[in-house]
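Heads up: the structure comes next, in structure tokens.
Taken together, the values in this text are just the output of simple stated rules run on the coordinates, not laboratory data. Because the structure is a prediction, the values reported are computed rather than measured. Heads up, the Cβs are rebuilt from the backbone with ideal geometry, glycines too, and the neighbour counts pull from every protein chain shown.
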Amino acid sequence: MAEPVTVPGVALPVGPIGRRGVGWWGVGTLVASEAALFAYLLFSYFYYGATAGPNWVLEPHPDLHVALPNTILLLASSGVAWWGERGVLRQRRAQALWGFGIAFLMGCLFALVQLHEWHTKPFSLGTSSFSSLYFLTTGLHEAHVFVGVLILAAIFVWTAHDYFSPRRRLSVSAGVLYWHFVDIVWLFVFTTYYITPYLGFGH
Amino acid sequence: MNTATPLGYLDSAGTRADAILPLTWYMLIVSILVCVIIGWILVRALRRSRANGGDEETRAVAVEEGPSGTHWIRNGLLISSVPLLVALVWTMVTLAAVSGPPARPALTLDVVGHQWWWEVTYDGTPAAHTFTTANEIHIPVGQRVLVRLHGADVIHSFWVPKLSGKTDTIPGQTNLSWLEARVPGVYTGPCSEYCGEQHAHMMVQVVAQSSAQFDQWFAQQLQPATAPTDSASERGAALFEYRCGACHQIRGTQAGAHAGPDLSHIAGRRTLAAGLLPNTPGTLAAWIENAHGLKPGNQMPNQNLTGGELMDVIAYLELQR
Amino acid sequence: MKSADLRIPVVGADSIAHQSRLLELWEGKPGLAGFFGSVDHKHIGVRYIVTAFVFLVLGGLEALAMRLQLAGPDRALLTPAQYDQLFSTHGMTMIFLYASPVLSGFSNYLWPLLLGSRDMAFPRLNAFGYWVYLASGIFLYVGFLTGNGPNDGWFNYVPYASAAYNPGLNEDFYSLGMVFLGISTSVGAANFIVTAFRTRAPGMSLDRLPILVWGTLTASVANLIVVPAVSLAFLMLWMDRQFGTQFFNTVGGGQPLLWQHLFWIFGHPWVYAIVLPAMGMVSDGLPVFCRRPLVGYSLVAVSTVATMILGFGVWVHHMFATGLPGIGMSFFSAASIAITLPSAVAVFAWLATIRLGKPVITTAFLFFASMILLFVIGGVSGFMTASVPVDWQLTDTYFVVAHLHYVLIGINVFPVVGAIYFWFPKMRGRLLDEKLGRWNFWTMFIGFNLCFLPMHLTGLLGMPRRVYTYAPEMGWTTLNLITSIGAFVFAIGVLLLFVNIARSWSKGKIASANPWDAPTLEWSVSSPPPPYNFALIPKVASRHPLWEGRLPAPERSSLDRGLLLDSGKETIGSTALDAHADMILEMPEDSLAPLFLSLGLAGAFAGLILKLWVVTAIFGVVLAMALLWWLWPRRALREREPAHG
């Protein structure tokens, strides 16, 4: 396939347009690395469960009354953030502000409920390798939620300042991508700690 | 490769190490051949060099596309695959032969790795035939001995090069190894997983002997402590119980602790301090007085006995054959 | 639609006016602020290399102290505790603070020049990565110099590393320092990945990338995925030590072997990460002196990636003696033997390149060519340890010590020194002395083999690694003496390199833009390159832009006409696979933010080691705010757009 030797004279975006920018790739690599971190945390869970003796899981039937609604809350917040991003794309600033604002509040609520969830646990950090790993995994996730809500807050403020347009919006797309990541990872953590024990893992 | 290198494993003396040896030689020879051949190709190629200088001489030699040369890679891979495949199959066959622990071992030992010594328990079939010793394992020649490995503190690795490859002793799990000596002799095994300051001085001695000799040793180990025979050893016995009994055991006496090595029949052992010193009354005295000077970092405190006290303790311990 | 955020880049020829305009845009500020704020990849690259060499010297001195101790039996030059910290710190230094950063340094310096770009994708992140590397290196060495260096080997097995057996600060320094350093490695890896995929000159498609780019790209993808494993392991260890968690404590249901899994899931790919870029240097450098293209370019590129993919599946071969089930071990054994094949591709490609080329012997060439032999020796000993039963005898003896030094020195240090001879003229504008270079090479080569070849035999004679002394009756005395002598000869060889650099720094022969008549883009710009690298972003039409016309090629690259891009600090962004011009990237100005951010991180880690949680918390908040400020969208961007109705 012969290529022309000179560069064709098409107009190129200057700086990031839409998702087309190195920053988008940067957040992609960050997400990949963070996903790996959680993969190792879950690997550790299954490794302990497979090699430890019976009753390694301290809660064979974890209480879902709070955890399940809280999970749904977090996943729903992803949808709300996405709706906010659509607002930026369609130049509906009010929709964008509502979207990021509500997603922020939902994220904060999730984090608070998670703190409450920790207090109700019948074990503490140093009880056993199970409890240590539970608190480390959910704790690292909680830290990611903190970062995520900070980002949502920043996007909210920047949107309020009218920094974005449908074309200049890399920060919005990158921030919302990060928030999706935080939520999807929780689905894996939740499944591991709250669902697999019901399936008989680690008893 | 002979007795001059007590840990060399290219002259194996046990079934398990024997089984690995041909594969080791095969891989070693293939490896050396590969290095020689590659070195030879390299040197020959270099002899065709155009210039022996710097930037100007590089520039002076014209660039050419030359032949594609990918057949070198293709042929190279094809040729290398053969010894690799042989190695792979041989590895699997050898692994199957040596990994499985013996179904009906003649003897079962529990070996516990401690910082920095080996605790050895013989599991006699009647419970009365169970006893514990340290840093020295006696086995009958030609019989398979199952070794169950446990970790007391940190990870160590049990290895008797001339008899068997390494298996780690890991806290919280029991690993299996086995020994079978082909020839009588004394085989040394160093700890081979780094375990702290005195990793260098954590040797186990495996004494492979005829069945008759082994039975005699075994019977001797089952004997209780030898009672003091004179006033010196009597004083020594009392001192031992008082000063050493908090950590050590001599079966059949008041000294019954397990923090340090079991010292029943200590005088019959070949070495002290996990292979650090030959076992003589003199080295024993030196060890008791200056364990930290001889093996820095180890957990036995210097005893600061008076000269007389030391003589008494030695007199008592030397009775424990 | 024509608007301020879309522009047709101007294609033109070079001119003095254009160059001075670019210089104005790209030249850093003078003075301290300019020095500490520089985000120029060339400065950062050289800083990485120099810092890595400082650590190489420190690690080398530690090695010499150990070789004095081991020169004869029962020597008491060092106490066991000192020896343990020395060998652990030596390993940590060489593997984490030298081997990987030095390659990051070369790649940082060279990548934009090889790819036809004006900088890395994230220049400030690049500076940040360097400062974090420096800070974490200092952090770890503060531990060592206060008697709190690591003392459990570089792979730091638990439970010996846990508080019960290791109560000092040693392991706290090591754990926190490694988490700290991991940040640098991760951001560096991310930067390389994005740079490789997004900032290549038009036409620099994947099949035209220099192998060094393939090597570093592969290593970076691996690092991005595996560094979290070791950071997590060290975090768990630190929590066990600090907060009584039970990750590795068997009493609380912990698993010492989990450490080994997490460590080696990281550790083995890491080994490839610190050799693949160096193999890339050889693949790119050797053909220059053989006066022909590399044999089997595509196969070598593919095998680079294949090595790493297989490399993810061989970590258990470090754990053959841990009592794992036989089936699992057979799989890992087979994978470890199979990984020989992709490595062999490179060896045969290099041999064929020399054999079918017209080799010109230079010092750089000698280092590259000798590496082939050292690579093979390190490779075959690795092949031996891949066989489970054989490994049961070989592992944790000096055989493995010999193996890993052939790998790390043979496949990292030799190519790196070759790379210095090769690229120093580009970096400094002066050639290193060839005559001294010969002395340099032969002293290093002979010293190295004198030191490490006998070590294989020492291992076969059963000497375990990590022993601080040995008894005379073990039969290892002569071999150890030879090794110690070899170590000092090798050290003299390395010293000769420094002498050569010092002498040539200002007195060396002036280098032209392309002193070796090499084919790749970095040689198309002056030596040393201008701050903006390329006055014109070239259009690349082959793997060997500077050899076109001499090699059969359907098209010619365009080097004297290209994108001017002088409306601001700009370079070209391109599509990931084919490298079509895709967008104009606006590059950041110099900034002190990376330095301050890494100082903030250092403060947070200092708080952790001193157990002053408040300090850490304060630094944490400051860091979060600084990051927000860093990422604050530039309003200017928005304002350039025409108002929407």
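Averaged over the residues of B:152-163, the number of partner chain Cβ atoms lying within 10 Å of the residue Cβ comes to 4. Using only side-chain charges placed at the Cβ, +1 for Lys and Arg and -1 for Asp and Glu, the dipole size of the range B:166-321 relative to its Cα centre rounds to 260 debye.
Highest mean packing comes first when the peptides C:383-395, C:203-215 are listed by Cβ atoms within 10 Å, giving C:383-395, C:203-215. Between the alpha-carbon centres of the range B:97-164 and the range C:23-86 there is a gap of 46 Å. Computed over every Cα-Cα pair of the range A:1-88 and binned at 5 Å starting from 0, the pair-distance distribution P(r) comes out as 3, 9, 7, 11, 16, 13, 10, 8, 8, 5, 4, 3, 3, 1 percent.
Pulled fully out, how much extra length does the chain show between B:A62 and B:A238, if you take 0.36 nm times their separation in residues and subtract their Cα-Cα distance?
Details: separation 176, 0.36 × 176 = 63.36 nm, distance 9.19 nm.
Difference between extended and current length: 54.2 nm.
Residues C:K507, C:K426, arranged from fewest to most other Cβ atoms within 10 angstrom of their Cβ, appear as C:K507, C:K426.
Placing +1 on each Lys and Arg Cβ and -1 on each Asp and Glu Cβ, with no other charges, gives the protein assembly as shown a dipole about its Cα centre of roughly 3260 debye.
Put a dot 7 Å past the Cα of C:I492, heading toward its Cβ, do the same for A:A11, and the two dots end up 7.0 nm apart.
Too long at a 22 Å Cα-Cα cut-off: which of C:K509/C:K569; C:K42/C:K569; C:K358/C:K507?
Values: C:K509/C:K569 33 Å; C:K42/C:K569 16 Å; C:K358/C:K507 30 Å.
C:K509/C:K569; C:K358/C:K507, as the Cα separations exceed 22 Å there.
Could you state the angle between the C-alpha long axis of helix C:100-115 and the longest principal axis of the C-alpha atoms of chain C, as a value from 0 to 90 degrees rounded to the nearest 10? With rounding to tens, the tilt is 20 degrees.
In the range A:145-203, the ratio of gyration radius to Kirkwood radius, Rg to Rh, stands at 1.26 when only Cα atoms are counted. Diffusion coefficient (Stokes-Einstein, Kirkwood radius over C-alpha pairs, 37 °C, 0.692 mPa s) for the range C:450-546: 179 µm²/s, rounded to a whole number.
For the protein assembly as shown, the share of alpha carbon pairs falling in successive 20 Å distance bins from zero is 11, 38, 34, 14, 3, 0 percent.
For the range B:298-315 and the range B:240-273, what is the centre-to-centre distance using only Cα atoms, to the nearest Å? With the range B:298-315 and the range B:240-273 each reduced to a Cα centre, they are spaced 13 Å.
Counting other beta carbons within 10 Å of each Cβ, put B:M311, B:M27 in order, fewest first. Provide the component values of the computation, followed by the final result.
Numbers: B:M311 17, B:M27 25.
Least crowded to most crowded, the residues run B:M311, B:M27.
For the range C:140-145, the Karplus equation 6.51 cos²θ - 1.76 cosθ + 1.60, evaluated at θ = phi - 60°, returns couplings of 5, 6, 4, x, 4, 6 Hz by residue, with Gly and Pro reported as x. Distance between the 7 Å Cα→Cβ label points at B:T70 and A:E117: 5.4 nm. Of all complete DSSP H helices in chain B, those with a Cα span along the helix axis of 27 Å or greater and a mean Kyte-Doolittle hydropathy of 1.6 or more are B:15-46.
Estimate the FRET efficiency between B:E289 and B:A97 by the formula 1/(1 + (r/R0)^6), using the beta-carbon distance for r and 45 Å for R0, to the nearest 0.05. Present the calculation step by step, with values, prior to reporting the outcome.
Details: r = 49 Å, r/R0 = 1.09.
Working from the Cβ atoms, E equals 0.35.
Placing dummy labels 7 Å off each Cα toward the beta-carbon, the span from C:S298 to C:A617 is 6.1 nm. Under 27 Å of direct C-alpha separation, and excluding same-chain neighbours fewer than eight residues apart, B:K295 reaches these lysines: B:K162, B:K166.
Compared with the alpha-carbon gap, the fully stretched path from C:T575 to C:V305 is longer by 95.1 nm at 0.36 nm per residue.
With +1 on each Lys and Arg Cβ and -1 on each Asp and Glu Cβ, and nothing else charged, work out how big the dipole of chain C is about its Cα centre, in Debye to the nearest 20. Show your work: numbers first, answer last.
Working: 39 positive and 34 negative charges, 251 e Å.
Result for chain C is approximately 1200 debye, rounded to the nearest 20.
Taking other C-beta atoms within 10 angstrom as a stand-in for reagent exposure, C:D5, C:D40 fall in the order C:D5, C:D40, fewest first.
Can you tell me the 0 to 90 degree angle between the C-alpha axis of helix C:16-26 and the longest principal axis of chain C, rounded to 10? That helix lies at roughly 40 degrees to the long axis. Relative to the longest principal axis of the Cα atoms of chain C, the long axis of helix C:593-609 lies at roughly 20 degrees.
Scalar couplings 3J(HN,Hα) for the range C:291-304, obtained by applying the Karplus form with A = 6.51, B = -1.76, C = 1.60 to θ = phi - 60°, are 6, 7, x, 4, 6, x, 3, 5, 5, 5, 4, 5, 5, 4 Hz; x denotes Gly and Pro. When chain B is treated as a Gaussian network with alpha carbon springs shorter than 10 Å, the biggest mean-square fluctuation among B:A273, B:A246, B:A17 belongs to B:A246. As an exercise, use a Förster radius of 41 Å and the Cβ-Cβ distance of B:L46 and A:T51 to find the FRET efficiency, rounded to the nearest 0.05. Calculated transfer efficiency: 0.15.
Need one value for B:91-98: mean number of C-beta atoms belonging to other chains within 10 Å of its residues' C-beta atoms. Walk me through the numbers on the way to the answer.
Details: counts 12, 7, 1, 4, 10, 3, 1, 3.
Average per residue, whole number: 5.
Rg over Rh for chain B works out to 1.18, using Cα positions for both radii and the Kirkwood form for Rh. Centroid-to-centroid, using Cα positions, the range C:88-108 and the range B:179-225 are 43 Å apart.
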